[in-house]
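Some notes on the structure that comes next.
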Amino acid sequence: MKKDDCIFCKIANGEIPSDTVYEDDKYRAILDLSPAVKGHTLIIPKDHFDDLLSADEETLESVLKLAQRIGAAQLKALKCDGFNVVQNNGEAAGQTVHHLHVHIIPRYNGGAKMVAWEQLKSEPEEQQKIAGEIKAAL
Ligand code: 5GP
Ligand code: ZN
């Protein structure tokens with residue numbers, strides 16, 4: 001299903017041109033317009049889902065397989081040394097386009113990394129409590 005006012009619906013379905021690296025009946029993978037690194041690719045389903053929570057079963061199963069293919073192609077074509085697979089849910093997590101997409105970001109030895117957060121110390125009791133809360137919510 002498409003959403004009228006959604007830019008990624010228009011891009012994925014070819015109404016707005018993009019630098020496409022892959023297309024099939026379900027997906028389009030394009031270069032990010034403002035890449036973190038040259039070759040930064042976005043996998044966009046042609047159907048509209050706001051985020052991971054609203055994605056259907058078929059998309060959940062197939063999107064990571066496509067991420068594997070794009071990552072492998074980046075390693076080969078760009079001679080990068082690794083890649084990040086990133087998917088943001090909600091504005092608090094940095095999501096700016098509210099149509100599900102997966103970032104595949106090439107990475108180079110000695111270059112910038114995705115994980116730049118400060119690592120907190122964990123306390124065993126608190127960890128047990130938090131694990132219990134998440135477990136109970138599943
Ligand atoms: P988010 O922050 O929602 O996870 O990622 C959205 C990404 O889409 C950003 O990296 C942004 O640069 C990219 N983007 C936003 N608008 C366009 C566009 O019109 N074309 C392309 N190719 N990328 C876009
Ligand atoms: Zn959309």
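Restricting Ile16, Ile11 to those that are under 24 Å from Phe83 (Cβ atoms), at pLDDT 95 or above and either near ligand 1 (Cβ under 9 Å from one of its atoms) or in a helix (DSSP H, G or I) (or both) reduces the list to Ile11. Do the conditions hold for Ile44, that is, is it closer than 18 Å to Ile7 by Cα, aliphatic (A, V, I, L, M), within 12 Å of the chain's Cα centre (by Cα) and at pLDDT 95 or above? So Ile44 fits the description; yes. Please verify whether Asn109 is of a type outside the set (Lys, Arg), within 16 Å of ligand 1 (Cβ to nearest atom) and not in a helix (DSSP H, G or I), treating the condition exactly as stated. So Asn109 does not fit the description; no. Pairing residues of segment 1-19 that are within 11 Å of His48 (Cα to Cα) and within 9 Å of ligand 2 (Cβ to nearest atom) with residues that are at pLDDT below 95 and open to solvent by less than 100 Å² (accessible area, probe 1.4 Å), at Cβ distances under 9 Å and at least 6 apart in sequence or on separate chains, gives Cys9/Lys3. Across segment 112-138, the qualifying residues are those that are of a type in the set (Lys, Arg) and assigned to a helix (DSSP H, G or I), and the one among them that is nearest to Lys76 (Cα to Cα) is Lys135. Which residue pairs have Cβ atoms closer than 7 Å, lie 6 or more positions apart in sequence or on different chains, and pair a first residue in segment 88-105 that is closer than 13 Å to Lys10 by Cα with a second residue that is assigned to a helix (DSSP H, G or I) and open to solvent by less than 10 Å² (accessible area, probe 1.4 Å)? Filtered contacts from segment 88-105: His99/Cys9.
With part of a helix (DSSP H, G or I), open to solvent by 40 Å² or more (accessible area, probe 1.4 Å), away from ligand 1 (no atom under 13 Å from the Cβ) and within 26 Å of Asn109 (Cβ to Cβ) as the only criterion, which of Leu53, Leu64 stands out?
Testing whether each residue is part of a helix (DSSP H, G or I), open to solvent by 40 Å² or more (accessible area, probe 1.4 Å), away from ligand 1 (no atom under 13 Å from the Cβ) and within 26 Å of Asn109 (Cβ to Cβ) leaves just Leu64.
The condition of being surrounded by fewer than 16 Cβ atoms within 10 Å (Cβ to Cβ) and either farther than 16 Å from Val21 by Cα or not small (Gly, Ala, Ser) (or both) does not hold for Ala77. Residue pairs whose Cβ atoms lie under 7 Å apart, separated by 6 or more positions or on different chains, with the first residue in segment 26-41 and under 14 Å from Ala77 (Cα atoms) and open to solvent by less than 30 Å² (accessible area, probe 1.4 Å) and the second modelled with pLDDT under 95 and assigned to a loop (DSSP other than H, G, I, E, B), do not occur.
Within segment 16-25, being charged (D, E, K, R) and open to solvent by 70 Å² or more (accessible area, probe 1.4 Å) holds for Asp19, Glu23, Asp25.
The values are calculated or read from the model by the stated rules, or taken from the named source; none is laboratory data. All figures in this text were calculated on a predicted structure; none of them were measured in a lab. Glycine gets a Cβ as well: all are built from the backbone with ideal geometry, and neighbour counts include every protein chain shown. Just the protein is used for accessible areas: all its heavy atoms, side chains included, with ligands, DNA and RNA removed. Shrake-Rupley method; radii C 1.70, N 1.55, O 1.52, S 1.80 Å.
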